[in-house]
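First the structure, in the form of structure tokens, and then the observations on it.
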Amino acid sequence: MLFWNKRQFVPEATEYFNPMTDSKVAIITGGNQGIGWYTVLHLYLHGFKIYMLARNEERALKAIEEIKVEAEKRVSKYDEAETRSRFFGSIHYIPCDLLDLKNVEKAAETIKKAEDHLDIIINNAGLMGCPFEMTKDNYEVQLQVNVVSHVLLTLSLLPLLVNSKAPRVVQVSSLGHNLATSFYENTNDLNKSPSSYYSMLRYGVAKTAAIHFTEVLAKKYPNILCVAVHPGVIATSLYDFVWSTNGFLGTISSWIFKVSGSIIAVSSEVGAYASLRAALDNTLTVDQNNGCFLTTGGVMSSASKVARNMDYAEKTWNWNITQLQERGFKLID
Ligand SMILES: NC(=O)c1ccc[n+]([C@@H]2O[C@H](COP(=O)([O-])OP(=O)(O)OC[C@H]3O[C@@H](n4cnc5c(N)ncnc54)[C@H](OP(=O)(O)O)[C@@H]3O)[C@@H](O)[C@H]2O)c1
């Protein structure tokens, strides 16, 4: 039904790794539900050692168990050659609440103690449309979860990334970045009325900043393949705030979503394909594709003009670095 169906990425067509000999290591934020869950499933099926950085132990461990059950179901459909050549990886939970920068730093330290290299970081966790709130680190809540914490996590793990032969950083952004039709300095907290509009504008600004971060990272570290993605429109709990905090408007939008969903929405698994292509597809190269933007199904696309503007991107980068340094974090810039 969807025009991109034919071009959508097929994770099964990419290389499978043997955890005993290949030692492929990936981390993902928020892999315990939604598109992250399927991203972890496919990496596990491909033989990766995956660190799931999640804020709730019970939800994370339950998800890990469920992913393993689903993986068993999938391999039962393998043919003989596939059964011989494919191996499960492993999944490890690391506590990490992105609303607490000290927690993010601690998670990065745990990984640095456990591994000497890191092949893939998938900055997947996100929040959308929340009412205005400042975190204890003094950032607007959507900005911290969608961007700032991922900046800290990624830059803290650079020493491990550069030890990988072909490192990749995947930033899950959103088509919603287009809501930021002009450049908003991150100092602007956008705490205005009507809140239903400004909460979504803050999401757009955060997801634009996430793309800016990816682009500057690609420029500064040309050997790390950095890709930003829009996963698609997927009915996940990401929409809970939009539907529950906006009264009548929220109810209407949830109905519109349910009706239009049958036309534009994709499953959570297809929603994972953009991240999976960014993580696994060997036809993407640092020379040709660094800083690129993939959309639903992993199809090559283009981010907004504001997101592609490198002067704005540098401003976003510098602001993030300065803010984190002012809070006492030592970063490699
Ligand atoms: N669904 C869509 O239509 C859509 C469209 C465009 C972009 N995206 C992006 O796709 C990504 C994944 O979203 P999804 O649709 O899969 O939504 P989801 O099912 O709500 O998953 C979001 C994930 O982020 C985690 N998370 C949220 N706040 C966190 C925090 N403070 N610390 C650690 N983890 C936190 C959640 O953990 P808990 O389970 O603990 O809450 C959950 O695992 C997000 O970045 C989102 O912006 C989604």
Item checked: Distance between segment 141-204 and segment 1-69 - C-alpha centres, whole angstrom -> 22 Å
Check: Given the protein chains as shown and a 1.4 Å probe, how many square angstrom of Met200 are accessible, to the nearest 10?
Finding: 50 Å²
Margin query: Full-extension gain between Asp100 and Arg308, please, as 0.36 nm times their residue separation minus the C-alpha to C-alpha distance.
Written below: 72.0 nm
Item checked: Linear extension gain, Phe88 paired with Ser195, 0.36 nm per residue minus alpha-carbon span -> 34.0 nm
Note to self: Charges at C-beta only: +1 for Lys and Arg, -1 for Asp and Glu. How large is the resulting dipole of the chain about its Cα centre, in Debye rounded to 20?
What the structure shows: 340 debye
Check: Given the Cα-Cα distance of Lys73 and Glu109 and 0.36 nm per residue of separation, how much length would full extension add, in nm?
Finding: 9.5 nm
Next item on the list: With a Förster radius of 41 Å, plug the Cβ-Cβ distance of Ser23 and Asp240 into 1/(1 + (r/R0)^6) and report the FRET value to the nearest 0.05.
Entry: 0.60
Item checked: In nm, spacing of pseudo-spin labels at Thr285 and Glu12 (7 Å Cα→C-beta vector) -> 2.9 nm
Item checked: Probe 1.4 Å - accessible area at Cys96, Å² to nearest ten -> 10 Å²
Check: Residue by residue through segment 298-310, which ³J(HN,Hα) values in whole Hz follow from phi under the Karplus form 6.51 cos²θ - 1.76 cosθ + 1.60 (θ = phi - 60°), with glycine and proline marked x?
Finding: x, 6, 4, 9, 9, 7, 5, 4, 4, 5, 7, 6, 6
Next item on the list: Collect residues whose amide H, placed 1.01 Å from N in the peptide plane, falls under 5 Å from the amide H of Ile91; neighbours closer than 5 in sequence don't count.
Entry: Ile50
Next item on the list: Rank these by accessible area, largest first, 1.4 Å probe: Lys24, Lys68, Lys77, Lys219.
Entry: Lys77, Lys219, Lys68, Lys24
Notebook entry, point to check: When the chain is modelled as a GNM with alpha-carbon springs shorter than 10 Å, which of Leu225, Leu99, Leu284 fluctuates the most?
Noted result: Leu284
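Of all DSSP beta bridges located in the chain, what percent are antiparallel, nearest 5?
Here the antiparallel bridges make up roughly 15 percent for the chain.
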Check: Based on Cβ point charges of +1 for Lys and Arg and -1 for Asp and Glu, what charge dipole magnitude is obtained for segment 83-219 about its Cα centre, in debye rounded to the nearest 20?
Finding: 480 debye
Next item on the list: Using +1 at the Cβ of each Lys and Arg and -1 at the Cβ of each Asp and Glu in segment 54-150, identify which of Tyr139, Ile64, Ile111 lies farthest towards the dipole's positive end.
Entry: Ile64
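The values are calculated or read from the model by the stated rules, or taken from the named source; none is laboratory data. Just so it is clear, the structure is predicted and the values come from calculations on it, not from any experiment. With ideal geometry, Cβ positions are generated from the backbone for all residues, glycine too; neighbour counts draw on all protein chains shown. Just the protein is used for accessible areas: all its heavy atoms, side chains included, with ligands, DNA and RNA removed. Shrake-Rupley method; radii C 1.70, N 1.55, O 1.52, S 1.80 Å.
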